[in-house]
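Below is one structure; the comments refer to it alone.
The values are calculated or read from the model by the stated rules, or taken from the named source; none is laboratory data. Note that this is a predicted model, so its numbers are computed, not measured. Backbone-built Cβ (ideal geometry, glycine too); neighbour counts: all protein chains shown. What goes into the accessible areas is simple: the full protein's heavy atoms, side chains included, and nothing from ligands, DNA or RNA. Shrake-Rupley method; radii C 1.70, N 1.55, O 1.52, S 1.80 Å.
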Amino acid sequence: LMLAKRATGNAARFAGRSLLLPHLLPSPRTPYHQLPLSRPLSAMSSAEQAAAQAATKLADLPPDEAPPTIFDKIISKQIPSNILYEDNDAMAFRDISPQAPTHFLVIPKVRNGLTRLSNATEAHKMLLGHLLYVAQHVAKQEKLEPGFRVCINDGPDGCQSVYHLHLHVLGGRKLSWPPG
């Protein structure tokens, strides 16, 4: 009876939401960022497409001439963010438009010409390795041991919407292939 009441309480709590796994009700202790999403994960919203399209004009700028990005403002704390990790070289924070139950970004704190991955040089090798290390470190912290995906969007055809190199880390459910 106690379990039935708990299940009924959870069903009422999530009434009206389109759960990806309707046969599994989240525990009342499930963190908000790990709850199932209400839209298909494979569909990019028109706002995301518009942002990527608007950002394409920045793709042709020399890396050192690119204007400050939203990520620069997050780094300088001008814009609040749910920061998961920070050190001298990198920062990880939750994505504001999650595409999986757990979705966070890992960015270099100084762009140093890395507006996109295709601008990387040999001088960036240690930083790029560090960003991947931070991605797996935070993934463990977020309890994504069953697996996760790391994705880098590069340039207009890669649907990059912010020209400040960033790694998307997605997990919290079984991911499908191919993406997008």
Scan segment 81-127 for residues that are open to solvent by 70 Å² or more (accessible area, probe 1.4 Å), touching a helix residue (DSSP H, G or I) at 6+ places or on another chain (Cβ under 8 Å) and under 22 Å from GLY158 (Cβ atoms) and jot them down. ASN112
Of a type in the set (Gly, Ala, Ser), closer than 16 Å to LEU167 by Cβ, within 14 Å of the chain's Cα centre (by Cα) and modelled with pLDDT of 95 or more - does that describe any residue in segment 84-91? no
At negative phi, buried (at least 21 other Cβ atoms within 10 Å of the Cβ) and not in a helix (DSSP H, G or I): is that true of PHE71 in this structure? no
Restricting to segment 137-170, give me the number of residues that are assigned to a helix (DSSP H, G or I) and within 12 Å of PHE104 (Cβ to Cβ). 4
Taking segment 64-80 and the residues there that are among the β-branched types (Val, Ile, Thr) and in contact with a helix residue (DSSP H, G or I) (Cβ under 9 Å, 6 or more places away or on another chain), the one that is modelled with the highest pLDDT would be ILE79
Please list, ordered by first then second residue, the pairs with beta carbon atoms under 7 Å, 6 or more apart or interchain, first in segment 86-100 and touching a residue at least 40 places away in the same chain (Cβ under 8 Å), second basic (Lys, Arg). ASP89/LYS109; ALA90/LYS109; ALA100/ARG173
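Could you say whether any residue in segment 118-129 is of a type in the set (Ser, Thr, Tyr), closer than 20 Å to ILE75 by Cα and either at pLDDT 95 or above or assigned to a strand (DSSP E or B) (or both)? Talk me through it step by step, then tell me what you get.
Keep residues of segment 118-129 that are of a type in the set (Ser, Thr, Tyr), which gives 118, 121.
Okay, now just the ones that are also closer than 20 Å to ILE75 by Cα, so none.
No; the residues of segment 118-129 include none that is of a type in the set (Ser, Thr, Tyr), closer than 20 Å to ILE75 by Cα and either at pLDDT 95 or above or assigned to a strand (DSSP E or B) (or both).
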